[in-house]
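Everything on this sheet refers to the single structure shown next.
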Amino acid sequence: MHLLNVFTLGLEKSVKEKGGRVVEKYGVLSHRWLAKDDEVLFQDFESRNATVARKPGYSKLLMCCKQARRDGLKYVWIDTCCINKIDSSELQESINSMYHWYENAEKCYVYLKDTSKPKSGPFKLGKEEEWFERGWTLQELIAPKDVKFYDKDWEYLGDKASLKHFISGITGIRLSVLEGTKIPQECSVAERMSWASGRRATKAEDRVYSLIGLFGVNMPAIYGEGEVKATLRLQEEIMKTSDDWSIFAWKGVQKASGLLATNLDAFSGCQTMRSIPIRTAHSMYSLTNRGVSVTLNLTPWTVDTYLAPIPCQEAPEGNGKSTAGQLCIFLQRLEADDQYARVSLMGKDFASSTVLERVPLSRELQISVRQRNIETEKHAGYERLKGFRLSSDLVELCSKAGYWNAQEQTLVFRPGSPPGKLEEFGVLRNVGLLTMKEPVRKIKLVRLAFDFGFNPTLFLCESSAIKFKPRSTGDEGQAYINGAQSVWGRSPDDSIEWNQLVTTQEKRRALEHPVRRGLWALKGDRIDGLDVYLASSDIRVVLSKMMTESGILVWDLRIDNLRENNSGGGNGNRTSLWGRLKK
């Protein structure tokens, strides 16, 4: 660390240190740089340039030294002339050490070159004043204990404590930090990031590098990498030593985003984000070659999209308490079963965990969340099917839990829909329960649902499995529903006994359950659908993708009577029950 002697105006390159701290007391100058050629640089002292006194930046150097002498200090540190920026190793060391240099300073003199002290009343910043808008000046405001402000004529304006309300209104920094009663490291990651949002720097990467000390990390400055890569690297370094989940509580989610923000401005308005302490160690996260590996409780919300609570919340100023519940982020699964991307839903980046009270179904899963890139966007764009299209001349809609479009005969998954009476398995989301007007052989009831992974599921119930018989013709539909409940209704702890699928002679067959005869529980694949033969019923069940006239992608279910078709009926006896899931 080089210091400028305020008496000799000479640069002392070797200053005695003890325990990593300079023994001599010193002050620091915080200022907005002029053009590079107008500032007094390290090389000017090295070459003892006689013209240095004619540089426009020389006067503030003199005034800073003068004020330091008044305060009984022998040295000052000024970033323009106390760093040899030509030496890359010294520059890197300075960037990593600068926060501590400001933190250990006795005084920090802030020079507002475009502001004048009024003759009476509170002062106002000059129209051209940029000090509060620059990236590097954030740490120069936060780190020093004693920060004093001076106008363009070096008239004293006040210190950080006396101007706290004025400064907080401009920067969004909470009063307790400016007063010194709360250290910055006690504030959440999101809150500290919010202080940097909206600030500017000559080099875009410096917006990020100026935060290295504020977060207590070390990382090399790689000029030319761009702000996006620098922002990601900073968050990755923070994650190595912090378990503060508010690092994921940023706003402005774009299509197929990752868990990490790509721009500091994404934390704008996040100064009220607070991390919630976690007593258990299971909710850890780490960076891997497949993205951020994290364990979360996922709740199905809409097709291939889950709601995931994270241990942080928005708390108002003051007591810091909130009754809004934890924040929940939306995660959309990509083609790979364990790969997800962060998305917004209906224009919202977050939901409150209070909405989960009506949707108790969740699972704790370890997943990987990819950062946004070309590969992620490609996988995020695969076709998602959201519901079914029903044939009104073949089925009678008895019960529905999804959105029903009578014109198109589509039944679509309802986001966040709570379990119904037939949802007691604890793993399914019901879309509809149908009775068939013209049963396909023995099949009378059809149930449409999605499992936890949003695979389409089919439940086919033969008449023989229904215990309740209609009292009259008008009671037939309700009787069949009651009968279905007696077959399908189980305790929440029961798992579904899916019919076993085997492949013989290039055909997939569903074997009949040895006990629950007449009930077929078939699970399709969220990407490939289903094509299976019911072994004992001569029926083929097919789920395939299909597009409606309005452009809705749905599953088209075909149930074919093979015996009747082969006996001369051709395709005339093919029964089409429903269509696709909406994209």
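The values are calculated or read from the model by the stated rules, or taken from the named source; none is laboratory data. None of the values given here were measured: they were computed from a predicted structure. Heads up, the Cβs are rebuilt from the backbone with ideal geometry, glycines too, and the neighbour counts pull from every protein chain shown. All accessible areas refer to the heavy atoms of the entire protein, side chains included, with ligands and DNA or RNA removed. Shrake-Rupley method; radii C 1.70, N 1.55, O 1.52, S 1.80 Å.
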Quiz item: Is it fair to say Val177 is in a helix (DSSP H, G or I), over 23 Å from Ser89 (Cα atoms) and under 31 Å from the mean Cα position of the chain (by Cα)?
Solution: yes
Practice problem: Name the residue, out of Gly27, Gly20, Gly57, that is at pLDDT below 90 and either surrounded by fewer than 20 Cβ atoms within 10 Å (Cβ to Cβ) or not polar (S, T, N, Q) (or both). | Solution: Gly20
Quiz item: Out of curiosity, is Ser257 buried (at least 23 other Cβ atoms within 10 Å of the Cβ) and at pLDDT below 90?
Solution: yes
Quiz prompt | Selection within region 178-195 - of a type in the set (Gly, Ala, Ser) and farther than 22 Å from Ala161 by Cβ | solution = Ser188, Ala190
Quiz prompt | Selected residue (criterion: modelled with the highest pLDDT) from residues of region 304-359 that are over 13 Å from the mean Cα position of the chain (by Cα) and of a type in the set (Lys, Arg) | solution = Arg333
Quiz prompt | region 528-564: number of residues that are assigned to a loop (DSSP other than H, G, I, E, B) and either of a type in the set (Asp, Glu) or within 18 Å of Leu501 (Cα to Cα) (or both) | solution = 6
Quiz item: Do you know which of the residues in region 238-251 that are open to solvent by 50 Å² or more (accessible area, probe 1.4 Å) and outside any helix (DSSP H, G or I) is modelled with the highest pLDDT?
Solution: Lys251
Exercise. Check Gly180, Gly216, Gly226, Gly169 and return the single one that is open to solvent by less than 50 Å² (accessible area, probe 1.4 Å) and not hydrophobic (A, V, I, L, M, F, W, C).
Key: Gly226
Exercise. Examine region 229-237 for a residue that is more than 18 Å from Asp206 (Cβ to Cβ) and either surrounded by fewer than 23 Cβ atoms within 10 Å (Cβ to Cβ) or not aliphatic (A, V, I, L, M) (or both), and state whether such a residue exists.
Key: yes
Practice problem: Run down Ala221, Ala190, Ala196 and say which single residue is closer than 22 Å to Lys240 by Cα, among the aliphatic types (A, V, I, L, M), touching a Leu at 6+ places or on another chain (Cβ under 6 Å) and buried (at least 18 other Cβ atoms within 10 Å of the Cβ). | Solution: Ala196
Practice problem: Hey, can you tell me all the residues within region 520-533 that are in contact (Cβ under 8 Å) with a residue 12 or more places away in the chain and either open to solvent by 50 Å² or more (accessible area, probe 1.4 Å) or touching a Cys at 6+ places or on another chain (Cβ under 6 Å) (or both)? | Solution: Lys523, Asp525, Asp531
